[in-house]
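Trainee: Here it is: the structure, laid out below.
The values are calculated or read from the model by the stated rules, or taken from the named source; none is laboratory data. Values in this document were obtained by computation on a predicted structure and should not be read as measured data. Because the Cβ atoms are built from the backbone with ideal geometry, glycine has one as well, and the counts that use them run over all protein chains shown.
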């Protein structure tokens, strides 16, 4: 009897989850992050935070800058971009530190303090903004003060 109840609950949960998906269309969005002196923000974390009130809890497109400061956003699948809309953009650029000073918040290399001193890491009051539009190039260039 318990097995039947478990199977029914599992099937009902699967149906509910299957019905929760919206048809969401993303569009490729990429860009660069550099300091005002031209230094690429290698390894910086870029997050696009939806600004429209009805989208405030939607998935947030994210990316990590390469050694040239370039990034391509990911929302659902690698490099799929972002949904069209207005975004506040945060950038956190943690300094790399020598091994031995490992931060538990890092899943790869040890990291240090934000080289941008938290100035661009506040989702509630972002200093950077972007608008992603469907059917057009969405290439952004962000210049940050170190």
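Trainee: Select from the range 126-144 the residues that are under 20 Å from residue 36 (Cβ atoms), free of Cβ contacts under 8 Å to residues at least 60 places away in the same chain and assigned to a loop (DSSP other than H, G, I, E, B) and list them in ascending order.
Mentor: First, the residues of the range 126-144 that are under 20 Å from residue 36 (Cβ atoms): 126-130, 139-144.
Then drop every residue that is not free of Cβ contacts under 8 Å to residues at least 60 places away in the same chain, which leaves 127-128.
Result: 127, single match.
Trainee: Follow-up question, since we're still on this one. Could you run through the range 69-90 and say how many residues are under 26 Å from residue 117 (Cβ atoms) and assigned to a loop (DSSP other than H, G, I, E, B)?
Mentor: Adding up the residues that qualify gives 2.
Trainee: I'm trying to understand the selection: among the residues of the range 104-118, which are over 15 Å from residue 34 (Cβ atoms), part of a loop (DSSP other than H, G, I, E, B), touching a strand residue (DSSP E or B) at 6+ places or on another chain (Cβ under 9 Å) and at pLDDT 95 or above? Break it down stepwise before answering.
Mentor: Taking the range 104-118 and keeping what is over 15 Å from residue 34 (Cβ atoms), we get 104-114, 117-118.
So of that shortlist, the ones also part of a loop (DSSP other than H, G, I, E, B) come out as 104-110, 117-118.
Among the residues that remain, those that are also touching a strand residue (DSSP E or B) at 6+ places or on another chain (Cβ under 9 Å) are: 105-106, 109-110, 118.
Correct list: 118 only.
Trainee: Let me ask something else. If you take the residues in the range 77-103 that are surrounded by fewer than 12 Cβ atoms within 10 Å (Cβ to Cβ) and at pLDDT 95 or above, which one is nearest to residue 34 (Cα to Cα)? Spell out how you get there, then give the answer.
Mentor: So in the range 77-103, the residues surrounded by fewer than 12 Cβ atoms within 10 Å (Cβ to Cβ) come out as 77-78, 95, 98-101.
From the residues that got through so far, the ones that are at pLDDT 95 or above too are 77-78.
Values: 77: 25, 78: 23 Å.
It comes out as 78.
Trainee: Next up: Determine which single condition residue 146 fails, assuming it passes every other condition in (1) touching a helix residue (DSSP H, G or I) at 6+ places or on another chain (Cβ under 9 Å); (2) at pLDDT below 95.
Mentor: In the conditions (1) touching a helix residue (DSSP H, G or I) at 6+ places or on another chain (Cβ under 9 Å); (2) at pLDDT below 95, residue 146 misses (1) alone.
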